[in-house]
1. Applying the selection to segment B:398-418, what residues are closer than 17 Å to A:GLY89 by Cβ, more than 7 Å from every other protein chain (Cβ to nearest Cβ) and crowded, with 19+ Cβ neighbours inside 10 Å?
2. Quick one: which of A:ASP283, A:ASP310, A:ASP274, A:ASP303 is closer than 30 Å to A:GLY218 by Cβ, at pLDDT 90 or above, out of contact with any helix residue (DSSP H, G or I) (no Cβ under 6 Å at 6 or more places or on another chain) and not aliphatic (A, V, I, L, M)?
3. Hey, can you tell me all the residues within segment A:60-72 that are in a helix (DSSP H, G or I), touching a Ser or Thr at 6+ places or on another chain (Cβ under 9 Å) and within 13 Å of another protein chain (Cβ to nearest Cβ)?
4. For segment A:492-541, enumerate the residues that are in contact with a Gly (Cβ under 9 Å, 6 or more places away or on another chain) and either within 14 Å of chain B (Cβ to nearest Cβ) or touching a residue at least 60 places away in the same chain (Cβ under 8 Å) (or both).
5. Over 28 Å from A:ALA459 (Cα atoms) and in a loop (DSSP other than H, G, I, E, B): which single residue out of A:PRO535, A:PRO485 fits that description?
6. For segment B:317-366, which residues satisfy the criterion of being more than 30 Å from B:VAL5 (Cβ to Cβ), of a type in the set (Asp, Glu) and open to solvent by less than 60 Å² (accessible area, probe 1.4 Å)?
7. Do we have B:GLN465 as closer than 30 Å to A:GLU11 by Cβ, more than 7 Å from chain A (Cβ to nearest Cβ), open to solvent by less than 20 Å² (accessible area, probe 1.4 Å) and touching a residue at least 12 places away in the same chain (Cβ under 8 Å) here?
8. Can you tell me how many residues in segment B:369-397 are of a type in the set (A, V, I, L, M, F, W, C), within 7 Å of chain A (Cβ to nearest Cβ) and not in a strand (DSSP E or B)?
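The values are calculated or read from the model by the stated rules, or taken from the named source; none is laboratory data. Nothing here was measured: the structure is a model prediction, and the numbers come from that model. Positions of Cβ are generated from backbone atoms using ideal geometry, with glycine treated the same way; all protein chains shown enter the neighbour counts. Heavy atoms of the whole protein, side chains included, go into the accessibility calculation; ligands, DNA and RNA do not. Shrake-Rupley method; radii C 1.70, N 1.55, O 1.52, S 1.80 Å.
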Amino acid sequence: MPKETIRKLGEDLSRLLVAGAHLASADGELKKNKEKLESLAKQLGDKAPVLGQLAKAAEKAMSAAGAEAAKEVCSLTTNVAQVRAAQAGLASADGAASPVPEAPLIGTPCNARYVYDIYEALTTHGSGRDEPISNGVQTGQIVDLRLRAAAIAAIADTYIGQRVAKEVVPLYGTTVAAIVRGQFNPKGGAADGRRLTALTAIEKTGAKDLIVTALKDGNAEMRESALDAIADHLIGVADFEPLVLETMSKERSGGVRRAGVRALEGFGSDQVLDALISSLQIDSCSRAAASSLGKSPHAKVVDRLLELLDETIGGDKKAKKKKEDDTREQARWILRALAPHKGAKIAAKAVDLLDTHGGPAAECVLTSGDGRQLGAAADRLFGKDNEMFQPAVRAAMKLGADEAFKRLSKVLEAPDRTHDAGKARVAAVFHFLGTDADKRWLKVLFKELEEPSPVTTQAIAAIGKIGDKSAVKPLIKALQAKPMPTTPLKSAIIQALGVLKDPSAIDPIFDAIVDSKQYDVAAAVHSAVIALDSPAALPRARALVAKLEGNAWQFWYYRRMLEQLEHKFGK
Amino acid sequence: MPLEVNEALVKAVAIKEKTIDDGRSLSKKGAYKNTFKTADGSLLWCECQGSTLYKLSVDVAGDKPLMRCTCPVKPPPCKHILGMMLHYIANSGSFKQAEPPADLMEKRGKAEVRAENASKPKKVDVKALEKKTKEQRDALDLLEKLVLDLASGGLGTVDDKKAKRLHEQSKQLTDAYLKGAAFAVRRLASLANVDAAEGVNDDERHRLMIRQLVRLWAIVRKGQKMLDEKLEEGETQNDSDAVVEELLGKDWKISELKEKGSVRANVELLELAFERYDDPIREERIELSHVVELSDGAVYADINMRPQAALDKTREKESFEDVVTVPEAAIYPGFVNRRVRWELLQAKPRPIAKGDWERLHKVALGEIAPALAKFKEQIKNPLAPDEAVFLLKVKDLVKVQAGIALIDEKGARLLMQDPPLARYKSTGNLELAAGAAGKGGPMPSPCSILVRFWLGLQDYGVRGQALALVVGDQRIRLGM
């Protein structure tokens, strides 16, 4: 009873302080409280002297006026607060108790220096927020329990929302799904589209209900997000085929159709094939349709495409009425769609189109096993059409090791090798040199190292890709040459040494840093040192960064390199 | 014994890392000339070619380095000074031994006298102190009038306009050396503008304002009493007066705390939670480490307050990943969570060992009841903070109708909730962390929790906000 009376007194005093203490004298409730306190004080006497004190103080408050009333009310309120504090108990947590539901572990790996940077990037506005988020994703520190709620809220951010939805929120997994679901509105705008993206990445087929609702009830933006989500995370899942087809049959929006075409990839029904073939002929969807048709499992896809190709470039009157460029472009898309499929029919058709339809035709010829056809494609390597170079190289490689080496090594002797087309040709050849490359290439490439030319940087990159450790010493020798190699060459050599992953390159790489402001060299050193993945680099990196002069942003690569090394090898 | 000039000293005295970088650059460029040192290495001096030729010196004979440079950048250390120290670290041999210039020795002498005088009991300028006390006393009368006006008019009438006027009036309190009181007035004024968007309704807002008004009234009453006694009898050593003094705005010096005997020797502190926030009332950034003393479980607050206007000129406080050992820690007057501070370079970090976690769990309170008793004792004082942080053992964490509850060894339950106007909401994080640790069952042992007790606005029920959970040797930081 006393506790309740004191509580009531506290409430009434609060009311008076909000309304104005001058009202105390006329306050009926205060009077009732006072009388109750007096009565209790009489009952309990010395056992509870505070009751009598409070009653007297209440009397004073009621009989005072003006500033005195305010004084008495303030004093009484203070006293009541003290009594209530002394009486305070634990808030009720009664009732049946159950275990806290199991949850996946999310740690708190982010140290205080970075957690606030990332938190601010997620919760404030303006530009420049990408970097802390991007760093957080790369280092994994963004997956921190303390940042979870902020990451979920950041989906709604127009500047970073897309990155957060695709790269950040899915990292939290199922721990965030229920919350994001609760926020998702299928009739909403871009932010809800991003929520759907995140949920599909997390739940996969579990998000079907949301996708269905989005496709049925959402606006064009939402439908596009739903279809992109299917394309990114649920490709070929049978349940979604009829949904996508139905949406596309009614769709007018170019963006939604494009996303729908992406989402149809991997389905093999007649309806899907028809939809993709007709989308191939719509400008905004051609690229997506060609990609999806290239992966189509339908038994008749090749025949249909060849038929369409004939119609497009053959004697069809309608086709001839189209402008020549449009016809050629259309045919090229069809060829691109054909290229991933195998079949002699494809190569036979395409070989006659090498000169008129370029790269896509050459890609189709690659499906052939016929030496003559492959040779025809390989011959185009020394033409002027850059688009032909890569397929020509691949065609040459299919002619056997000796034939390939004989044909392709000639690129370094071509008279135009230092000009644009020649450099592109060299790049196309080197693109395909990898760890399985013919070792005869090394001799050719080392020659480039000894007699630098405009394609030497490409040659150095190729040496790295071939991956033969015998290249380490010559590369180091080239790096240490006097006079010093030019900046582009130095950068290329350093990068190649990184690819070769031989720790003996660490010191020569750091020794080669003469001017720490050379941006290209810095980028190469960063890439190489991280690729070398050796703790031996840490002391050199520390010493380097300790000596840097100038603004932090100028030396972003070196500082970033040190940060990554410390993260991996530091204490 | 002089301080050692090493990288740790450079880092400890530098305000910004960039200044260290700039200093290093000067060293590399060969900007330092005529570099000298004394035989014992306690005094370094040289010239540095900047936009003009600067003369600088670093004296490490005392407890703190004395750094001087003729460049216009203040306060020290500037890049020239840091660069010289780095130059010395890398090239000590290039510093010739020499007899120090007379002016530097004179300055050292003066510094020694100053240090000696600082350690002596201060001769008080009685008149000046009396004048200051009188100004404070008069300002408290002004504060009293302000509080009574608010009470008479009603807090419900405090609108934007009134709030602005209160803010203006608080400046008079600041001018009269009552900074703490000024902040309290501003806090009340700021509550007038809090709205539903911040998660409090009108009733809650008024209750918060009433709490603040009660605090202001207590400042008036106790402040008047203390200052009247001061004017009559002079300074007191009374601890509760020290609390009032601090609330009125006194800034304690470490030396003053040591003089009072308010120190602890050889403390080992383990940080469990770190909070950083911008206080618009104080116009400061607050960086706060909640640290636990491993020998007895006392929870201290290691706080750094930096003016917003000078964030780039003041050193940011780091969060401690390691255990920090402090030979002599000064403890501020206060309540449950006292502020702790130590001299420059005194703290020695060491990696956390497994045994440290065992010690932590051992010193955690096994029952909620003693923590509740301490909390109630604190909040009975209207001048005390209305929150307190404790380290408790976790017998279990469970879901109840009202949310999540901590259960102690005796089965008592503490409801875990975020307070109204919480800077950061951590209860959701607690649920996830508990779910991960318990895997849908009872919490594993040992398990301890750092929890901030707070009092419900309406029901005066005590609740807890989780700041950190420690399961075995895993520290999970829940707040920020």
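1. B:LEU406, B:ILE407, B:ASP408, B:MET416, B:GLN417, listed by residue number.
2. Working: A:ASP283 fails: at pLDDT 90 or above; A:ASP310 fails: closer than 30 Å to A:GLY218 by Cβ; A:ASP303 fails: closer than 30 Å to A:GLY218 by Cβ.
The conditions single out A:ASP274.
3. Just the residues of segment A:60-72 that are in a helix (DSSP H, G or I), to begin with: A:60-63, A:66-72.
Filter once more, keeping what is touching a Ser or Thr at 6+ places or on another chain (Cβ under 9 Å): A:60-63, A:66-67, A:69-70, A:72.
Of everything in segment A:60-72, those that are in a helix (DSSP H, G or I), touching a Ser or Thr at 6+ places or on another chain (Cβ under 9 Å) and within 13 Å of another protein chain (Cβ to nearest Cβ) turn out to be A:ALA61, A:GLY66, A:ALA67, A:ALA69, A:ALA70, A:GLU72.
4. A:SER516, A:LYS517
5. On the way: A:PRO485 fails: over 28 Å from A:ALA459 (Cα atoms).
Testing whether each residue is over 28 Å from A:ALA459 (Cα atoms) and in a loop (DSSP other than H, G, I, E, B) leaves just A:PRO535.
6. Restricting attention to segment B:317-366, the residues satisfying the condition of being more than 30 Å from B:VAL5 (Cβ to Cβ) are B:331-339, B:353-366.
From what's left, of a type in the set (Asp, Glu): B:356, B:358.
Listed by number, the list holds a single entry, B:ASP356.
7. Values: closer than 30 Å to A:GLU11 by Cβ: yes; more than 7 Å from chain A (Cβ to nearest Cβ): yes; open to solvent by less than 20 Å² (accessible area, probe 1.4 Å): yes; touching a residue at least 12 places away in the same chain (Cβ under 8 Å): yes.
Criteria met by B:GLN465.
8. Our first condition is that a residue be of a type in the set (A, V, I, L, M, F, W, C); within segment B:369-397, this holds for B:369, B:371-373, B:375, B:379, B:383-384, B:388-392, B:394, B:397.
The next check asks that each one be within 7 Å of chain A (Cβ to nearest Cβ); those that pass are B:372, B:379, B:397.
Of the ones still in play, those that are also not in a strand (DSSP E or B) are B:372, B:379.
Final tally of qualifying residues: 2.
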